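**Student:** Can you read through this structure? Questions will come right after.
The values are calculated or read from the model by the stated rules, or taken from the named source; none is laboratory data. Predicted model, so just to flag it, every value in this text is computed and none were measured. Methodologically, a virtual Cβ is constructed for each residue, glycine included, from the backbone with ideal geometry; neighbour enumeration extends over all protein chains shown.
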Amino acid sequence: MANIHPTAIVDPSAKLADDVEIGPYCLVEHDVEIGAGSRLMGHCNIGAYTTMGTGNTVYPFASLGTDPEDYAFSGTVSYTQIGNDNRFREGVTVNRGTKEGTVTKIGDGCFMMANSHVAHNCQVGNRVIFVPFSGIAGYCEIGDNCLISGLAGIHQFCRMGRMAVLSGGSQISMDLPPFMIGDGRNGGVRGFNIVGMRRNGFPPETIRAIKDVYNIFFRQGLNTTNAIAKVLAEVPQLPEVTEFLDFVRSSKRGILPGDHHGKRA
């Protein structure tokens with residue numbers, strides 16, 4: 001049976017694994033599920049229709065699965081789905097979907113540091129790090145192993161590809177492709193995540209290929225069509241290169257420019 005502090009308020013409909021810990025003054029609303037090994041330290045708010053996997057830790061004053069901050073929200077039933085082994089530090093906020101039946105999703109192993117924010121209908125991958133005071137607006141998509149640095153923000157409907165990094169204080173309203181480092185207020189791509197690739201065991205030939213992709217796309221002043229053609233002609237078509245190109249081709253907001261500035265055609 002879950003260990004529930006006497007000051008906590010847990011709706012009778014909530015489904016808690018036997019070893020879940022609910023600390024003092026927590027509020028767990030109706031239709032919530034919390035998996036084994038999870039702990040709410042105290043003063044946490046878990047909103048209705050939230051599902052949490054196993055091994056999650058929620059620190060004081062975090063608020064997960066609460067109503068979206070969206071004028072269009074009309075009180076319909078929508079959801080928040082959180083995976084396993086995530087850490088939500090003090091003051092973190094995660095909002096559920098806006099439209100009927102829609103979902104905000106967070107994967108496994110994410111680390112959301114103090115006062116970071118995930119808005120409604122976002123899709124966050126695995127092992128994503130949000131540094132304090134970072135946030136993403138509605139309908140953003142964040143790939144696995146991304147890093148969103150402190151005080152950084154992402155405009156609604158934008159995407160970050162796998163292992164991308166957004167530098168501290170940056171604000172972007174365009175897409176940041178996989179493995180790239182974005183910096184500034186749509187300031188552009190200033191490098192690629194070579195440190196992260198090395199730490200995650202990517203072979204030298206893959207790192208060289210991504211370096212070549214970076215040079216072609218972000219240092220030569222080419223438009224997107226010509227940059228894609230040059231990558232196809234000159235860079236080995238490894239899976240990571242294909243992943244980059246697929247991301248670029250599917251972009252609806254355009255991708256961040258490089259050192260030459262200016263929006264891509």
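**Student:** Would it be correct to say that residue 80 is crowded, with 19+ Cβ neighbours inside 10 Å, under 27 Å from residue 163 (Cα atoms), in contact with a Lys or Arg (Cβ under 8 Å, 6 or more places away or on another chain) and modelled with pLDDT of 95 or more?
**Tutor:** Details: crowded, with 19+ Cβ neighbours inside 10 Å: yes; under 27 Å from residue 163 (Cα atoms): yes; in contact with a Lys or Arg (Cβ under 8 Å, 6 or more places away or on another chain): yes; modelled with pLDDT of 95 or more: yes.
Yes; evaluated as a whole, the condition is true for this residue.
**Student:** Can you find a residue in the stretch 61-68 that is in contact with a strand residue (DSSP E or B) (Cβ under 9 Å, 6 or more places away or on another chain), surrounded by fewer than 17 Cβ atoms within 10 Å (Cβ to Cβ) and assigned by TED's automatic domain parsing to the domain that holds residue 98? Before you say what the answer is, go through the steps one by one.
**Tutor:** Here is the first cut: in the stretch 61-68, the residues in contact with a strand residue (DSSP E or B) (Cβ under 9 Å, 6 or more places away or on another chain) are 61-68.
In the following step, the residues that additionally are surrounded by fewer than 17 Cβ atoms within 10 Å (Cβ to Cβ) were identified as 67.
Applying the additional criterion that residues be assigned by TED's automatic domain parsing to the domain that holds residue 98 yields 67.
Yes, that holds for at least one residue.
Yes/no per residue for (1) modelled with pLDDT under 95; (2) in a helix (DSSP H, G or I); (3) among the polar types (S, T, N, Q):
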site: 145; (1), (2), (3): no, no, yes
site: 168; (1), (2), (3): no, no, no
site: 187; (1), (2), (3): yes, no, no
site: 196; (1), (2), (3): no, yes, no
site: 202; (1), (2), (3): no, no, no
site: 205; (1), (2), (3): no, yes, no
site: 210; (1), (2), (3): no, yes, no
site: 226; (1), (2), (3): no, yes, yes
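**Student:** Can you pull out every residue in the stretch 228-265 that is exposed (fewer than 12 other Cβ atoms within 10 Å of the Cβ), touching a Ser or Thr at 6+ places or on another chain (Cβ under 9 Å) and at pLDDT below 95?
**Tutor:** Scanning the stretch 228-265 gives a single hit, 265.
**Student:** Hey, another quick one. Return the residue satisfying two criteria in turn: it lies in the stretch 1-55 and is among the hydroxyl-bearing types (Ser, Thr, Tyr) and touching a strand residue (DSSP E or B) at 6+ places or on another chain (Cβ under 7 Å), and of such residues it is farthest from residue 86 (Cα to Cα).
**Tutor:** To start, the set of residues in the stretch 1-55 that are among the hydroxyl-bearing types (Ser, Thr, Tyr) comprises 7, 13, 25, 38, 49-51, 54.
Those still in the list that are touching a strand residue (DSSP E or B) at 6+ places or on another chain (Cβ under 7 Å) too: 38, 49-51.
Numbers: 38: 9, 49: 18, 50: 14, 51: 13 Å.
Taking the candidates together, the pick is 49.
**Student:** Still on this structure, I have one more. Are there any pairs with C-beta distances below 9 angstrom linking a residue in the stretch 64-80 that is within 14 Å of residue 139 (Cβ to Cβ) to a residue that is outside any loop (DSSP other than H, G, I, E, B) and among the hydrophobic types (A, V, I, L, M, F, W, C), with the two at least 6 apart or on different chains, and if so which?
**Tutor:** 78/103
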